[in-house]
Structure formats: C-alpha cells, structure tokens
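Please treat every number below as a calculation from the coordinates, not as lab data. This one's a predicted model, so the numbers in the text were calculated from it and none came from an experiment. Note that we place each Cβ from the backbone using ideal geometry, even for glycine, and neighbour counts take in every protein chain shown.
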Amino acid sequence: MPRRQVTSPLLVEIGARIRGIRVEQGMSLDQLATRSGIAKGNLSSIEHGRVNITVETCLRIAAALGVSAAELLPEKEQGTGGRKGRAHPGIRSCPCDRSH
C-alpha cells in the first residue's frame with residue numbers, strides 16, 4: 001500500500017528552508033543524506049513538504065547543515081495567538097508580579 005503523503009503550508013515552508021540552505025551551501029541531496037544519516041528519498045520528500053518531519057529528524061538535518069533547528073522553522077508572525085512578547089508563552093494567567 002502506498003504511503004499517504006502529507007502536505008501543509010508549514011511542511012512546505014520547512015522543506016523550502018532546508019533546500020534553500022542546502023543549495024546555498026552548495027551541498028547535494030546525497031551529501032546531506034550522508035551527513036544526516038537520513039535516506040535521500042526521505043530528504044527529498046521532506047524538502048517538498050510531502051511528509052511530516054519529526055523533531056529528531058529536524059535536529060539531524062540542522063546539524064548536518066551546520067545551522068540551528070530554529071533556522072529551519074518559520075518565524076511566527078505577530079498577531080497569531082497573541083503570544084509574541086509574553087514573558088511566559090503558553091500560560092494564560094501568570095502568577096508572577098510582572099505585567100504582561
């Protein structure tokens with residue numbers, strides 16, 4: 001049975017960032033596969049946003065590219081969820097004395 005392919009704008013953007021950094025460094029897909037220990041076919045699927053990427057895979061790719069994992073992820077835009085600039089992201093009511 002063929003593997004179901006996932007596509008989302010987020011995965012496409014992450015894949016594009018990976019490919020962009022790889023190409024910018026003059027690295028082939030084969031070289032990235034060797035350095036990261038991830039199969040070339042899987043990397044191709046990741047770069048095209050067709051598969052969901054795990055945290056472990058993201059870290060392995062980032063290390064192989066010599067960048068932080070954060071550089072592979074899209075920046076969160078202001079106005080999405082109201083969390084930007086908060087001292088305690090993800091906490092709705094904060095018990096500390098600071099005003100947020």
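Against the conditions (1) surrounded by 15 or more Cβ atoms within 10 Å (Cβ to Cβ); (2) hydrophobic (A, V, I, L, M, F, W, C); (3) part of a helix (DSSP H, G or I), Val23 satisfies every one except (1).
Residues in region 11-28 that are among the hydrophobic types (A, V, I, L, M, F, W, C) and under 14 Å from Ser45 (Cα atoms): Leu11, Val12, Ile14, Ala16, Ile18.
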